[in-house]
Amino acid sequence: MISEVKEKVDGILNSHNCEKKELITIIQEIQKEYHYLPEEILIYVAGKLDISQSKIYGVATFYENFSLDAKGKNIIKICDGTACHVRKSVPILTAMYKELKLSEKKKTTDDLLFTVETVSCLGACGLAPVITINDHVYPKMTPESAIELIRAIKKEEMQCL
């Protein structure tokens, strides 16, 4: 593990006094930092907390919000609950997959800028169809407006380079 990563992880561990009972909070913070839970970091944390690797993997795989796969900087969630589905969320998903060169099996762009996920409900049925990008709600979406959002984010990212 490179020293910069080790320092960040040690900082997270130390902020929780390396207490086993803080495991969930610790891995939440690690995921927030890296957008997923890298295997070598989980192994390192298990050693530092003196818990088995199987225990840490058990926690990481039990909770749906944790991911062992790399995710993009921008997490796009497309609602496919009843209201959104009826109001045509599938064409939005299809358009996003096409624009980002993703698929049902490949959910994250190679540049790690975007991850596209479908969710059962975002709790905004009156605004259907709905997507979120990094937990910001975008109501009454169309395939065209979704593509515009993606392109705007790409343009913004290019300006930051």
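Exactly one residue out of K48, K8, K55 is within 25 Å of F114 (Cα to Cα), modelled with pLDDT of 90 or more and more than 19 Å from the chain's Cα centre (by Cα), and it is K8. When you check K55 against the structure, is it in a loop (DSSP other than H, G, I, E, B) and not aliphatic (A, V, I, L, M), yes or no? In short, no.
Residues are listed down the side, and each one gets a yes or a no for (1) closer than 25 Å to Y34 by Cβ; (2) among the charged types (D, E, K, R); (3) assigned to a strand (DSSP E or B):
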residue	(1), (2), (3)
C84	no, no, no
T94	no, no, no
K98	no, yes, no
T118	yes, no, yes
G126	no, no, no
E156	yes, yes, no
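Taking the stretch 21-41 as the range and being part of a helix (DSSP H, G or I), hydrophobic (A, V, I, L, M, F, W, C) and touching a residue at least 24 places away in the same chain (Cβ under 8 Å) as the test, the residues that pass are L23, I24, I27, I41. Within the stretch 14-35, does at least one residue satisfy the condition of being of a type in the set (K, R), at pLDDT below 95 and surrounded by 15 or more Cβ atoms within 10 Å (Cβ to Cβ)? No, the conditions are met nowhere in the stretch 14-35. Of everything listed in (1) more than 13 Å from the chain's Cα centre (by Cα); (2) at pLDDT 95 or above, the single unmet condition for F114 is (1).
In the set T108, T115, only one residue is free of Cβ contacts under 8 Å to residues at least 40 places away in the same chain, closer than 18 Å to N65 by Cα and surrounded by 15 or more Cβ atoms within 10 Å (Cβ to Cβ); that residue is T108. Here are some conditions: (1) assigned to a loop (DSSP other than H, G, I, E, B); (2) under 21 Å from S67 (Cβ atoms). C18 meets all but one. Which one does it not meet? Only one criterion in (1) assigned to a loop (DSSP other than H, G, I, E, B); (2) under 21 Å from S67 (Cβ atoms) is unmet by C18, namely (2).
The values are calculated or read from the model by the stated rules, or taken from the named source; none is laboratory data. Please read these numbers as outputs of a predicted model, since none were measured by experiment. Glycine also receives a Cβ, built like all others from the backbone with ideal geometry; neighbour counts cover every protein chain displayed.
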